[in-house]
Amino acid sequence: MTPLREVLPWLRCPVCRQGFSLSGSSLICPSRHTYDIARQGYVNLLGRPAPVNADTADMVAARDRFLSSGHYRPITDDVAAALPEAHRLVEVGAGTGHHLAGVLKQLPKAHGLAVDVSVPASRRAARAHPRMASVVADTWDSLPLADASVDAVLCIFAPRNLAEFARVLSGRGTLVVVLPHSDHLSELRHSHGLLEVGEAKLEKLKHAAHGHFDIVSTATIAHDIELTEPQATDLVAMGPNAFHNSTASIPATQTHVSVACITMAPTSQVTGYAPGNGHR
Ligand SMILES: C[S@@+](CC[C@H](N)C(=O)[O-])C[C@H]1O[C@@H](n2cnc3c(N)ncnc32)[C@H](O)[C@@H]1O
Ligand SMILES: [Zn+2]
């Protein structure tokens, strides 16, 4: 419960937007809206069943195994390098909490909150790091966070609601977005008929950021990785293809990692939450 105690001042009741206090093994707001802290340590603030695109338990397990291989370590390191001053970090669409945990390891005074719409992911994130709390919530709702409550928002391969990210970030805060270039995992995509990465994701993000964020830097992380058969199979099983294909075993192969890591600062003119300006 300790990590939850640390992030409690950031959290807001999703029903009435008031703050929470801890009452036994629940969070309770002044209007007595009550959310139980699960045995595994996360809190479900969603208030309804998870949508169909939430990662499943099998996807979360595959992601957990794949990330432990270290193949995406350069992504964690680049995100951490963008956040040397942050103390209050939230990762939205955090999955297993792997990247946030890696960043927290490099920031010994920081605390983190993993937000994901998937219950199995949130359950896993709740034990990813001793300074990380975990809640279930939907990026497309108003996030259960106070205005200007965090120094950093991380969004790594996950849906982006830029208006909400701007609202919860302090004026001097940082948003770090990681998204795939069109050649990300291209060999694996071509040889196994996987879903293509949409073209011009970076351009769309820059366009959507207008009025909310100024781009501070854009870096490309590109390297080749050698995948064993279980790693290749997990890499496919942890992604959107798991919703579309059967996940038969995939032979050992080499593939190319190619992602953009974009650091942004809130635009000074941003004054508050503008509903409906999210970017999928
Ligand atoms: C591709 S995974 C990335 C997970 C993690 N950031 C990582 O890089 O390992 C995308 C994550 O976003 C979550 N997600 C999808 N839609 C979401 C939404 N509307 N709100 C919050 N999380 C969402 C999924 O459940 C999944 O865990
Ligand atoms: Zn309430």
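Figures for the structure shown
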quantity	calculated
Residues of the stretch 81-98 classified as without any contact (Cβ under 8 Å) to a residue 60 or more places away in the chain and crowded, with 22+ Cβ neighbours inside 10 Å, total	3
Any helices (runs of 4 or more DSSP H) falling wholly within the stretch 67-176 and containing at least 3 residues that are more than 10 Å from ligand 1 (Cβ to nearest atom)	73-81, 98-106, 162-168
Residue within the stretch 30-42 that is of a type in the set (Lys, Arg) and either within 13 Å of ligand 1 (Cβ to nearest atom) or in contact with an Asp or Glu (Cβ under 8 Å, 6 or more places away or on another chain) (or both) present	no
Considering residues of the stretch 23-55 that are at pLDDT below 95 and closer than 20 Å to Leu100 by Cα only, the residue farthest from ligand 2 (Cβ to nearest atom)	Asp55
Restricting the stretch 3-22 to residues that are of a type in the set (A, V, I, L, M), within 16 Å of Val136 (Cα to Cα) and away from ligand 1 (no atom under 16 Å from the Cβ), the residue that is modelled with the lowest pLDDT	Leu4
Qualifying positions in the stretch 247-276 - more than 15 Å from ligand 1 (Cβ to nearest atom), within 19 Å of Val150 (Cβ to Cβ) and either touching a helix residue (DSSP H, G or I) at 6+ places or on another chain (Cβ under 7 Å) or at pLDDT below 90 (or both)	Met264, Pro266, Ser268, Val270, Thr271, Gly272, Tyr273, Ala274
Residue selected from the stretch 21-73 under the condition of a type in the set (Lys, Arg) and within 18 Å of Ile156 (Cα to Cα), by the criterion nearest to the chain's Cα centre (by Cα)	Arg63
Evaluation of Leu143 against (1) surrounded by 22 or more Cβ atoms within 10 Å (Cβ to Cβ); (2) more than 14 Å from the chain's Cα centre (by Cα) (one fails), failing number	(2)
Test: Arg48 is under 16 Å from Val135 (Cβ atoms) and without any contact (Cβ under 8 Å) to a residue 60 or more places away in the chain	yes
Test: Arg12 is away from ligand 2 (no atom under 16 Å from the Cβ), more than 18 Å from the chain's Cα centre (by Cα) and under 25 Å from Pro130 (Cα atoms)	no
Where a residue in the stretch 6-32 is assigned to a loop (DSSP other than H, G, I, E, B) and its partner, wherever it lies, is away from ligand 1 (no atom under 16 Å from the Cβ) and aromatic (Phe, Trp, Tyr), with Cβ under 7 Å and at least six apart	Cys13/Phe20; Cys29/Phe20
Any chance Asp116 is modelled with pLDDT of 95 or more, more than 19 Å from Leu145 (Cβ to Cβ) and away from ligand 2 (no atom under 16 Å from the Cβ)	no
Qualifying residue in the stretch 97-120 (condition: over 25 Å from Thr263 (Cα atoms) and of a type in the set (Ser, Thr, Tyr))	yes
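Every residue, every condition in (1) under 22 Å from the mean Cα position of the chain (by Cα); (2) at pLDDT 85 or above, yes or no:
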| position | (1), (2) |
| --- | --- |
| Val177 | yes, yes |
| Leu185 | yes, yes |
| Arg189 | no, no |
| Val197 | yes, no |
| Leu205 | yes, yes |
| His210 | yes, yes |
| Asn241 | yes, no |
| Asn245 | no, no |
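The values are calculated or read from the model by the stated rules, or taken from the named source; none is laboratory data. Treat the numbers as computed from the prediction; the structure is a model and nothing was measured. Quick reminder, even Gly has a Cβ in these numbers, built from the backbone with ideal geometry, and neighbours come from all protein chains shown.
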